[in-house]
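What follows is one structure encoded as structure tokens, with my remarks underneath.
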Amino acid sequence: MTTMQEFEFPLMDGTLDGMTHLVSERAIEGDTVLLNMGPQHPSTHGVLRLLLELDGETVITCIPDVGFLHTGVEKNMEAKTYIKAEVMSDRLDYLNNLGNNLVYCLAIEKLTGLDVPVRAQAIRVILVELQRISSHLVWLGTHALDLAAMSVFLYCFREREIILDIFEMVSGQRMMTTYIRPGGLWRDVPDEFEQAVRQFLEAFPERIDQYESLLTKNPLFLQRTKGLGVMTQEDALRWGVTGPMLRASGLAHDLRIAQPYSGYEQYDFDIPTHTDGDTYARYVVRMEEMRQSIKIVQQALDKLPYGPVRSNNRKYVPPPRSELSTSMEAVIHHFKLWTEGFTPPKGSVYVGVESPRGELGVYLESDGGPKPYRIHWRTPSFMNLQTLPMLAKGNLVADLVALIGTADIVLGDVDR
Amino acid sequence: MAGIIGEILRGLSTTLHMAATKPVTIQYPEVKRPVRPRFKGRHHLMRYDNGMEKCIGCSLCSAACPADAIFVEAAENTDEERYSPGERYARVYEINMLRCIFCGYCEDACPTEAIVLGDNYELSFTDRRSSIYAKEMLLVPVDEGGKPTPQKVEPGIYTRSIPVMQDPKD
Amino acid sequence: MKMVNLTIDGKTVTVPEGTLIVNAAKKVGIDIPVFCYHPKMEPVGMCRMCLVEIGRPVIDRTTGQVVREDDGSPKMQFGPKLETACTTPVSEGMVVLGTSEKAKAGRQDIIEFLLTSHPLDCPICDKGGECPLQNLTMEFGPGESRYLYDEKMHLAKHVPLGELIYLDRERCIQCGRCVRFQDQVVDDPVIGFFQRGRSLEIVTYSEPGFDSVFSGNTTDICPVGALTTTDFRFKARPWELRSAASICTQCPVGCNIAFNTRREAVSGGKWVIKRVMPRQNEWVNEIWMCDKGRFGYHYSKSAERLTQPLVRRQGELAPATWEEALSFVAERFQQAGDGLFSIAGGRLSNEDLYNQGKLTDSLGGKKVLYGTMGGGDLTAQSGLVPGSNFSDMGKETAILVVASDLHEEAPIWWLRVKQAAERGAQLIVANPRPTRLDAYATHLVRYPYGSEAGALLAMVNTLSAKRPDLPEAVANLVRSPELKAAAKAFAEAENAVILYGSEGTGLETSTALAQSCQNLLLATGHIGRINNGLVAVWQRVNDQGAWELGWRPVANLPEAMQAARALYVAAADPAGDDPAYLAEGRLGSQEQAFLVVQDLFLTATARLADVVLPVQAWTEREGSYTSGERRVQRFYPVVPELADSYADFSVAGQIGKRLGLDMEIRLAGRTFARLASETPAFTGLSYARLAEVVEQWPIVGRGDLYYGGTTYENSQGIGVQLPLTSAGGLSWPKLVEVGMPKIGLLAVPITRLYDHGSTLLPSSMLHQRIPEPYVVLNDQDAERLKISEGAAIQLIPAEGGSWLGVRAIARLRSDVPERIVLVPRSFGLPVAGPTVVSVRLAERVLA
């Protein structure tokens, strides 16, 4: 067994020294070209660096070099109290802000045994599904853009604007909302919320049809995506791939059904799957997911219960403002929660949710103090990106762009 | 072949149709979209109707800030020179706008509704020094019927630091 | 020591009999919440926060055996009500439940009751963030209130108790810690309870209010923000502060302290000290500190501090660069050669004294410690050995305090000696006049001023067969029964410690006193063992360190300076202390010696100097001090140093380097290493060893702030006590005949805690307690001389030389011995030893 001292870390400085075991022999001989793609590249969807060994246009080996967006979030969160650390969760997968908030809060709630009122759960579902739609819209827009369908990009962002406006309405921020807090929500949704969401729900299915009209049967699109990057279900499971990538390979696994959270068991929706496992299949799955999200939001909005939106457990949740002028206990709890923060009991939990990219999980370990002892984010993009070298082998560089798009990676998610 | 042409035509008809509809683009900066009521923009230090500052210099906002953007130094109120009700007021109050992430935790933590996040998002500076907003820049102007601070008041009236507040309604 | 086994919350613990359940739980890491209990005070069970369920094994009355259940376990009888863990000692087989439903409900109810009267002050209260009430409410209290706000009790807020402490009566939870501290620990009941029930409030009985030198400690142990210091009011929040360890420089005890600092906007972003907190060191100051140290640090941030070297050009002092100043100094020192005369004050650290001493010795010059107290070499021979601790002294120890008003000279030692006496130690107080320690003494010995050494020799005389002759003044003493009883108690005690001070002594009398103290210890065999030895109550923090490094005071400083060609004065102000220096031009005139002054402020001596060198205050650098108990302790930098500033040792080192000497100029640690290698007593010491810590009891300052208070945990070093140097022997001290004058009065110097010292005056908050210069006369003498209370008088020394312009207020007391004038030091009245003076009313100052 190689010990740490014996292992030779490969140098990723552009020279072949130290990398010889990663590339084929033809590269060492000089037969193939080593091309650096990124980290600054419009099609890598973030700061992703790919070292490509090319034989002409064909990719022989693809070595992803991640870490350019690494900000040390997990370590940084150890230095902040739980509430302060939540703002960092927004900024991990920056297209799935509310989803990150949700999984973080679910982890805290599981660790502390905190209750979440039913109204809060329903609103969480609505917002997370809207977030899913918005994330898929970005995926669709940028994926199509990479494949030269420029108008789809603009149409998708037009819809996304409506969703971001709804987020601004509820939380004051379009993206980094920090709206889902441990024990429920930050505040109740305003009165205009229901109207705005219903308006969106009414208009949106037509829009999905619009995108489909431009892409689904488009021969150019089909040529570029059909049969590209086939991943068998076996491979997908071996690599730990989750989310639409896995469902497109045939396995109907969705955490919202398999391990329901936040009241998902109440809603009736399908899990879109496909058997081909290629880029086109993943496209179809995600388009259908958007429609299913609409269905979920519709149900949740119809069934939206009345009630409080935040737990009443004052040891973890700050008291309402109206109590601060008359209640001594409220003042003390308010003070301590906002300065020192709450102290969950010792222990560790893992909670996973279905993010637009796959299984997003938080491992949270508490040592009884106000700051997390260890927090680890199991991020789907990081896992899914690992399949890229396997999928890219033998394809052209142009296909590589499509493959990055189909993996739907967000670098914030990959690098943390 | 016909199918291909058909599909391409179908796509083209979608885009042409969209070209004919009214664009959704707002021509910023000539036209500015109004922000939602809960929008988290530039901070304001609020006053009471009588002109007294709401901020009591408790530093809870500073403690709650995830980015360490707020710096507070407190001082003693006297009835001859009263800035806020109660014993304590903020003599120095600075927010470093470059560090601020506009999360609104300061607003949530404030026990007197003194610091609120307003609607202005058009903030830019040319050097780091000017990104530090001092108290004078954050305090809202005095209302009609109010007096500027420091005020000279009768003793024994303004003794309560935390006012009666409502839960946020918007 | 009988050990008892019991179970607390499922954990078994074995503790000595008589331990309270709260402390037993602490030993196994279980924190039972308390408010009124404090580990350093007797428990009262007032607050009821420590309620626990206690079960005791049922004992069969007839057989005396434990009744067993069927499975063999003892049958437990739980009390019908919850009991307080702080007042209940452990018993064999006890089961204590702190986490049962009943106990939790009890704690929640108690918190709820306490909060009913508590004002909604958290955002404006200084204690917020380090408040035991807040922490315990979070842990045990209810989340919502059932109490109507309008029915809350309204009491006075922001009540000044003196000018040092603010009391907020609404916040008081009536735990009584402050009152009990003042009563039990320091025996100074200047505060007390007034009214009953919900109206109970704290009042102060003294004028000025809260007139106790330990008042600051109540703010550490108060569990809420009822007692806060004026020094720290609204300055910062606890989580915004950084802390750094240091040693207090106001007296030779060497209390361990911690400074809290923060960057401040009003001073343009400088790091500023916000407050001083005590640091736990059970061997030195336990968890307390006196007010002089707590509020007397402001001199380090005074605006009067020198920032640039000054060189005299054309008769005026003008700013100069360091290069200029140091080259000039080095050149003149070189010329002076063995005519270099160094005077150092006891405020300097070991490193500073070492470098300056090395510089002086290398040139062959003479080095003198500025002071009027002797015996430092004797304390090195017969002092306390490592392992000694005042807290361990009890019935088997005799403590003799001679020539010292300990409450004024070293308050923390006064406290520890008093506590030792209360534990049963034989306390012998030998002093010419009554002092605050008398109330605890088992034996009181009065001797006339000037006969300190004689008094102790008289004690030796009563014990030993050899009876050398004694001076006239003490001849009567030998026969007094009090002296005989005291000597007997001293000799019979297993351990004995002598503390000698500087009450009414000058250098010669002090040296003689020290020698006679050592004689007494030798004669009774109390040297070289733990809790035995001689301790000097020096006047400055590092006088003992100076003695260890070879610095000695001289009796007649002006005479000694005659032959000097260059004077190097550091941390001393001869001209400021004695106008005679100014008047007769003994320092720094052109014909006289080249005068270099190295100090923090532009003192009177500095004004006469040829070169003035500014230095860093002790808060800006690191170093070490040797306390009066011969414990070497480190202090650390607290605030960043000013640009282009140097510490004393660095300045001396740089001068030395320019003279070709091999001296350390940068690191205090390296200087200390050199010092340790060259000084036998310091062998084996290093900064790393001085920074070692051990686990101390009681546990303070951690997550359970409520238990011991907000004193800081000591994680930067408890210091190391020096071993004894070669033992001295019995020798007859040179007794100076200080007789009562035929005419005039005998002026004797005494020490007052709050004086006009340059390290104290910048602390304006203490000014209420610092009087104008005064002297104390016997009331009958005053009547005879027609001097009334409060009259402005002047003292004229009999041997000539007037102290014109130096006037003082006369105070009259009946417990001052006749024909004696008590002159407090550091008030501008230059009485260095017993001096014959005549007293007259001060001349009117004509406009």
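The values are calculated or read from the model by the stated rules, or taken from the named source; none is laboratory data. Everything quoted here is computed from the prediction, not taken from an experiment. Please note: Cβ atoms are built from the backbone with ideal geometry, for glycine as well, and neighbour counts cover all protein chains shown.
With the condition kept exactly as written, say whether any residue in the range B:57-78 is more than 13 Å from chain C (Cβ to nearest Cβ) and loosely packed, with under 15 Cβ neighbours inside 10 Å.
Restricting attention to the range B:57-78, the residues satisfying the condition of being more than 13 Å from chain C (Cβ to nearest Cβ) are B:66-67, B:69.
Still in the running and loosely packed, with under 15 Cβ neighbours inside 10 Å: none.
No - not one qualifying residue is present in the range B:57-78.
Look at B:F102 and say whether it is closer than 20 Å to B:A67 by Cβ and within 11 Å of chain A (Cβ to nearest Cβ).
Details: closer than 20 Å to B:A67 by Cβ: yes; within 11 Å of chain A (Cβ to nearest Cβ): yes.
When the stated conditions are applied, B:F102 passes them.
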Handout entry: Boolean, C:V497 is modelled with pLDDT of 90 or more, in contact with an Asp or Glu (Cβ under 7 Å, 6 or more places away or on another chain) and in a strand (DSSP E or B)
Key = no
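Regarding C:T116, is this residue β-branched (V, I, T), within 14 Å of chain A (Cβ to nearest Cβ) and surrounded by fewer than 23 Cβ atoms within 10 Å (Cβ to Cβ)? Give the derivation first.
Details: β-branched (V, I, T): yes; within 14 Å of chain A (Cβ to nearest Cβ): yes; surrounded by fewer than 23 Cβ atoms within 10 Å (Cβ to Cβ): yes.
Yes.
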Practice task
Check off (1) assigned to a helix (DSSP H, G or I); (2) more than 10 Å from chain B (Cβ to nearest Cβ); (3) among the aliphatic types (A, V, I, L, M) for A:M175 and give me the number that stays unchecked.
Solution key: (1)
Practice task
Identify, by number, the condition in (1) surrounded by fewer than 24 Cβ atoms within 10 Å (Cβ to Cβ); (2) in contact with a helix residue (DSSP H, G or I) (Cβ under 8 Å, 6 or more places away or on another chain); (3) outside any strand (DSSP E or B); (4) not aromatic (F, W, Y) that C:K367 doesn't meet.
Solution key: (3)
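How about the range A:223-274: which of its residues are of a type in the set (A, V, I, L, M), in a loop (DSSP other than H, G, I, E, B) and either out of contact with any Asp or Glu (no Cβ under 9 Å at 6 or more places or on another chain) or over 21 Å from A:L400 (Cα atoms) (or both)?
Within the range A:223-274, the first condition is being of a type in the set (A, V, I, L, M), and the residues that meet it are A:228, A:230-231, A:236-237, A:241, A:245-246, A:248, A:251-252, A:255, A:257-258, A:271.
Within this subset, residues satisfying the condition of being in a loop (DSSP other than H, G, I, E, B) are A:228, A:230-231, A:241, A:248, A:251-252, A:271.
Scanning the range A:223-274 gives A:L251, A:A252, A:I271.
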Exercise for the section: For the range C:266-274, indicate whether the set of residues that are in contact with a Phe, Trp or Tyr (Cβ under 7 Å, 6 or more places away or on another chain), of a type outside the set (D, E) and surrounded by 16 or more Cβ atoms within 10 Å (Cβ to Cβ) is non-empty. Expected result: yes
Problem - Residue in the range A:326-349 that is over 15 Å from A:Y82 (Cα atoms), in contact (Cβ under 8 Å) with a residue 24 or more places away in the chain and outside any helix (DSSP H, G or I) present - result: no
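Against the definition (more than 25 Å from the chain's Cα centre (by Cα) and in the same structural domain as A:I166 (by TED's automatic domain parsing)), how does A:Q195 come out, yes or no?
Numbers: more than 25 Å from the chain's Cα centre (by Cα): yes; in the same structural domain as A:I166 (by TED's automatic domain parsing): yes.
The answer is yes for A:Q195.
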Practice task
Out of C:G703, C:G717, C:G728, report the one residue that is modelled with pLDDT under 90, of a type in the set (G, A, S) and under 30 Å from C:F181 (Cα atoms).
Solution key: C:G703
Handout entry: Count of residues meeting criterion [more than 10 Å from chain A (Cβ to nearest Cβ) and not basic (K, R)] in the range C:127-154
Key = 6
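Taking the stated definitions as given, is C:E772 surrounded by fewer than 16 Cβ atoms within 10 Å (Cβ to Cβ) and either within 24 Å of C:F210 (Cα to Cα) or of a type in the set (S, T, Y) (or both)?
Details: surrounded by fewer than 16 Cβ atoms within 10 Å (Cβ to Cβ): yes; either within 24 Å of C:F210 (Cα to Cα) or of a type in the set (S, T, Y) (or both): yes.
Yes: the conditions hold for C:E772.
Can you tell me which residues in the range C:682-703 are in a loop (DSSP other than H, G, I, E, B) and more than 23 Å from the chain's Cα centre (by Cα)?
In the first step, residues of the range C:682-703 are kept if they are in a loop (DSSP other than H, G, I, E, B); the result is C:683-686, C:691-703.
C:T683, C:G684, C:L685, C:S686, C:R702, C:G703, listed by residue number.
With B:R47, B:R38, B:R33 as the choices, which residue is away from chain C (no Cβ under 14 Å), within 23 Å of the chain's Cα centre (by Cα) and crowded, with 21+ Cβ neighbours inside 10 Å? Walk me through how you get there before you give the answer.
Numbers: B:R38 fails: crowded, with 21+ Cβ neighbours inside 10 Å; B:R33 fails: crowded, with 21+ Cβ neighbours inside 10 Å.
Only one candidate qualifies: B:R47.
Just name the residue that is farthest from B:H43 (Cα to Cα) out of those in the range B:136-165 that are loosely packed, with under 10 Cβ neighbours inside 10 Å and within 14 Å of another protein chain (Cβ to nearest Cβ). Explain how you work it out, then say what you get.
Within the range B:136-165, the first condition is being loosely packed, with under 10 Cβ neighbours inside 10 Å, and the residues that meet it are B:136, B:141, B:144-145, B:154, B:156.
Now narrow it down to the ones that are within 14 Å of another protein chain (Cβ to nearest Cβ): B:136, B:156.
On the way: B:E136: 12, B:G156: 31 Å.
Checking each candidate, the answer is B:G156.
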Completion exercise
Heads up, the strands (runs of 3 or more DSSP E) in the range C:266-338 (entirely inside) with at least 2 residues that are of a type outside the set (S, T, N, Q) and within 30 Å of C:H407 (Cβ to Cβ) are C:270-278
Practice task
Could you check, for the range A:229-238, whether at least one of its residues is in the same structural domain as A:P205 (by TED's automatic domain parsing), at pLDDT 90 or above and under 25 Å from A:L201 (Cα atoms)?
Solution key: no
Problem - In the range A:58-91, the residues that are of a type outside the set (G, A, S) and either within 21 Å of A:G183 (Cβ to Cβ) or free of Cβ contacts under 8 Å to residues at least 12 places away in the same chain (or both) - result: A:K75, A:M77, A:K80, A:T81, A:Y82, A:I83, A:K84, A:E86, A:V87, A:M88, A:D90
Completion exercise
Given the conditions (1) under 44 Å from the mean Cα position of the chain (by Cα); (2) modelled with pLDDT of 90 or more, every one holds for C:G29 apart from (2)
Fill in the blank from the handout: Over the range C:59-94, the set of residues under 29 Å from C:I110 (Cβ atoms) and in a loop (DSSP other than H, G, I, E, B) is C:G79, C:P80, C:K81, C:L82, C:A85, C:C86, C:T87, C:T88, C:V90, C:S91, C:E92, C:G93
Handout entry: All helices (runs of 4 or more DSSP H) inside the range C:395-489 with 3 or more residues being more than 21 Å from C:S627 (Cβ to Cβ) and either acidic (D, E) or more than 28 Å from the chain's Cα centre (by Cα) (or both)
Key = C:452-463, C:472-479
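Okay, residues lined up against (1) at pLDDT 90 or above; (2) under 16 Å from A:V73 (Cα atoms):
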site	(1), (2)
A:R374	yes, yes
A:T387	yes, no
A:M390	no, no
A:K393	no, no
A:A402	yes, no
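Conditions tested, residue by residue: (1) surrounded by fewer than 24 Cβ atoms within 10 Å (Cβ to Cβ); (2) touching a residue at least 60 places away in the same chain (Cβ under 8 Å); (3) within 14 Å of chain B (Cβ to nearest Cβ).
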| position | (1), (2), (3) |
| --- | --- |
| C:S215 | no, yes, no |
| C:L227 | no, yes, no |
| C:R237 | yes, yes, yes |
| C:E240 | yes, no, yes |
| C:A245 | yes, yes, no |
| C:P252 | no, yes, no |
| C:C255 | no, yes, no |
Practice task
Would you check if there is a residue in the range C:693-704 being over 30 Å from C:E130 (Cβ atoms) and buried (at least 16 other Cβ atoms within 10 Å of the Cβ)?
Solution key: no
